Amino acid sequence: MKTLGKFRSTLKISKEVIKLIWQTSKAYTIYVIILLILTSIIPILEAYFIKRIIDILTFSLQSKIEFNSVFLYLALFIAATLFERIIASQRNAIQIILGNLFNKKINQKIVEKTTKLAFWRFEDPKFHDKLDRTRDQATWKPLNTFYYLFESLMNFFTLVSILIVFFTFSPLISILMIIFTIPSLIVQLKYGEKWFNLLYDETPESRKLNYYQYLMAGHYETKDIKLLNLRNFLLIKYKTLYNKLFEEQKSLIVKRYIWEFMGFILSDIMLVVFYFYLAWQTFLQKLSIGDFTFFSTLYTRANMSLQGLIRGIAGVYENNLFINELIEFLNLEEEKLSLKHEKIPKIIKTIEFRDVWFKYPGTEECVLKGISFIISAEQNVALVGENGAGKTTIVKLLTKLYDPTKGEILMNNINIEKFDLNEYRNLIGVAFQDFAKFFFSVEENIKFGDINRKISKEEIIEVAKKAHIHKKIMTFPNKYSTTLGRWYHEGHEISYGEWQRIAIARALIKRCPVYVLDEPTAALDAKAEYLVFEEFKKHVIGKIAMFISHRFSNVRLANKILVLENGKIIQEGSHQELAKINGRYKELYEFQARSYRE
């Protein structure tokens, strides 16, 4: 019953794969199936032509028979063989083309799906396990499934064609042939599932192994590894984990092939019984020598097809376990983009957090607890607090990377949940401390800030000047056309601080009413930071701005300061107001001022 369940599962998922193959190219799919059916019939014709040749030659020894008929069947046999080769070459070519198209379609679906998923998933380790399994297997598992499926179909058609002939000779032999191969099928399915489960369980450790490889080969990590003398430490870690995974896999492979060998022995026993039966029937002159050759040839082909079918079904089943993972991934709920209950306001008058609570998915503790504040038009708000106070979480909620666990965020007294997600995000220009490094040209890097708008070269230069990176760009090999990073051979490496200025320029290029900067100048020196913040202050005149900074020289530029501690706002006011009160803000401000004086 368990084997039957696995077989049904294989058929169910195979239907999904066939649907995907059909969507890839209907014409190629139909053509391949026609070629597979023709391939299954030709072996029977070839065996029959050989049977007729042998029978004619045998009878010719006993009586005079026209020898021309031998040449006729010989010509037919040669024609069938040539036709089979032509079909096989066409089938292989079409399968490769269709297979590559299918693989391309699957990989495109994975990439498209990844871009549509909510941000919170990318901070979930379990999701990364699923994503890694999907991506790692995507390059070859769908293609493997494709080939196993077509191998199964080809062997199925061949087997059915031969069994129809066998049933006219001996129904019992046909039934026994199938029964004797069932143990082999059970072994293949059982160990296919075990192999999947092993790789599934090993995913976290495989990710760790990939991380060790990345560390030892990564461009940015190399200097730390050399200076900290971590080479041997990482190599030992890598080799130990690699050997552990290798031994687990080797143990299962050995067990699998021992049991497979036992299954093949049963199949071979049936082969011996069949040949003995054929020889006995021929000895009794119930079969001719041609019949003996015909049925023995067909049995050999049937046995090969049956083994191929079992291998194909097991391969489809094993690969389908991964395909099932792929289907689950492709069916993950996507980020909600188009609610469109409310129009985006043309003028932003207020942004309000109203009793907002938040805990990250998979955790129990709230990192924001009853956060409430209002930002009015043309206000610059600074978030102040120690690491882990909840500052960056507020930014993630405002930019809708996450949704509040409780409470609501309002824009002009409308819950932001009611806005179309893309239209809402177009209202906000953002620069994070952990910004993305895009290995594209400088110009493209800045344009990414407002990718759907036609941006002039003059505008790009203007924001680059505001980010105080223009002069540096003009020293690059191809100036604004220079590809950044060492990913490509023509790439130009720049410092982390220069990357950060590019990210700031990217945020400033966006024509929007709201700007959010999360530690945007952490990698800049004091002078550069001061100049950039002065430019930022000018740029956001008449707009709403929120920024996070640990340097109070920048914080003082804000109209309103929110002081956070343990996920709560404990103080609110301007720098002048808060500096007069004996509270957390004054304590942090004076501590930093004292450290500068010392």
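Residues in the stretch 338-355 that are in contact with a Gly (Cβ under 8 Å, 6 or more places away or on another chain) and under 12 Å from Asn415 (Cα atoms): Phe353, Arg354. Going residue by residue through the stretch 559-568, is there one that turns out to be within 30 Å of Lys472 (Cβ to Cβ) and out of contact with any Phe, Trp or Tyr (no Cβ under 7 Å at 6 or more places or on another chain)? No, there is no match, as no residue in the stretch 559-568 is within 30 Å of Lys472 (Cβ to Cβ) and out of contact with any Phe, Trp or Tyr (no Cβ under 7 Å at 6 or more places or on another chain). Just one of the listed residues (Glu498, Glu417, Glu458) is free of Cβ contacts under 8 Å to residues at least 12 places away in the same chain and of a type in the set (D, E, K, R), and it is Glu458. Checking each residue of the stretch 556-571 against the condition of being touching a Pro at 6+ places or on another chain (Cβ under 9 Å) and at pLDDT 85 or above gives no match. Cβ-Cβ distances below 6 Å connect the following pairs, each with a first residue in the stretch 505-532 that is surrounded by fewer than 20 Cβ atoms within 10 Å (Cβ to Cβ), a second residue that is part of a helix (DSSP H, G or I) and at pLDDT 80 or above, and a separation of six or more residues or different chains: Ala523/Tyr496; Ala523/Gly497; Ala523/Gln500.
Look at (1) of a type in the set (Phe, Trp, Tyr); (2) closer than 25 Å to Ile502 by Cβ; (3) in contact (Cβ under 8 Å) with a residue 60 or more places away in the chain and you find that Tyr402 fails only one, number (2). Here Arg486 fulfils each of the conditions (1) within 20 Å of Leu517 (Cβ to Cβ); (2) assigned to a loop (DSSP other than H, G, I, E, B) apart from (1). Of the residues that make up the stretch 371-380, is at least one in contact with a strand residue (DSSP E or B) (Cβ under 8 Å, 6 or more places away or on another chain), over 17 Å from Val514 (Cα atoms), touching a residue at least 40 places away in the same chain (Cβ under 8 Å) and surrounded by 21 or more Cβ atoms within 10 Å (Cβ to Cβ)? Yes - at least one qualifying residue is present in the stretch 371-380. Quick check: is even one residue across the stretch 382-397 over 23 Å from Phe122 (Cβ atoms), buried (at least 22 other Cβ atoms within 10 Å of the Cβ), touching a Pro at 6+ places or on another chain (Cβ under 9 Å) and assigned by TED's automatic domain parsing to the domain that holds Ile561? The answer is no; no qualifying residue exists.
Lys343 falls short on exactly one of the conditions (1) in a loop (DSSP other than H, G, I, E, B); (2) surrounded by 15 or more Cβ atoms within 10 Å (Cβ to Cβ), and that condition is (2).
Matching residues to (1) outside any helix (DSSP H, G or I); (2) of a type in the set (A, V, I, L, M, F, W, C):
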position	(1), (2)
Asp403	yes, no
Leu410	yes, yes
Glu423	no, no
Lys447	no, no
Glu458	no, no
Val463	no, yes
His468	yes, no
Lys471	no, no
Tyr480	no, no
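Any chance the stretch 573-596 includes a residue that's surrounded by 17 or more Cβ atoms within 10 Å (Cβ to Cβ), touching a residue at least 24 places away in the same chain (Cβ under 8 Å) and part of a loop (DSSP other than H, G, I, E, B)? The answer is no; no qualifying residue exists. Among the candidates Ala88, Ala118, the residue that is within 21 Å of Lys400 (Cβ to Cβ) and not assigned by TED's automatic domain parsing to the domain that holds Asp403 is uniquely Ala118.
Among the residues making up the stretch 245-256, a single one is under 11 Å from Leu209 (Cβ atoms) and surrounded by 13 or more Cβ atoms within 10 Å (Cβ to Cβ): Leu245. If you check Val463 against the conditions, is it crowded, with 19+ Cβ neighbours inside 10 Å and either out of contact with any strand residue (DSSP E or B) (no Cβ under 8 Å at 6 or more places or on another chain) or on the phi > 0 side of the Ramachandran plot (or both)? Judged against the criteria, Val463 is a match. Residue check: Glu248 meets all listed conditions (1) in a loop (DSSP other than H, G, I, E, B); (2) at pLDDT 80 or above; (3) within 40 Å of the chain's Cα centre (by Cα) but one, namely (1).
So that you can scan it fast, the table gives a plain yes or no per residue for (1) at pLDDT 80 or above; (2) farther than 26 Å from Phe419 by Cα; (3) among the aromatic types (Phe, Trp, Tyr):
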| residue | (1), (2), (3) |
| --- | --- |
| Thr297 | yes, yes, no |
| Gln307 | no, yes, no |
| Ala314 | no, yes, no |
| Phe322 | no, yes, yes |
| Leu330 | yes, no, no |
| Glu333 | yes, no, no |
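Results for (1) polar (S, T, N, Q); (2) touching an Asp or Glu at 6+ places or on another chain (Cβ under 8 Å); (3) in a helix (DSSP H, G or I), shown as yes or no for each residue.
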site	(1), (2), (3)
Ile86	no, no, yes
Thr114	yes, no, yes
Leu131	no, no, yes
Thr134	yes, yes, yes
Leu153	no, no, yes
Leu159	no, no, yes
Leu172	no, no, yes
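Against the numbered list (1) under 27 Å from the mean Cα position of the chain (by Cα); (2) at pLDDT 90 or above; (3) part of a loop (DSSP other than H, G, I, E, B), Phe439 comes up short only at (2).
The values are calculated or read from the model by the stated rules, or taken from the named source; none is laboratory data. Predicted model, so just to flag it, every value in this text is computed and none were measured. Cβ coordinates were reconstructed from backbone atoms using ideal geometry, including for glycine residues, and neighbour counts include every protein chain displayed.
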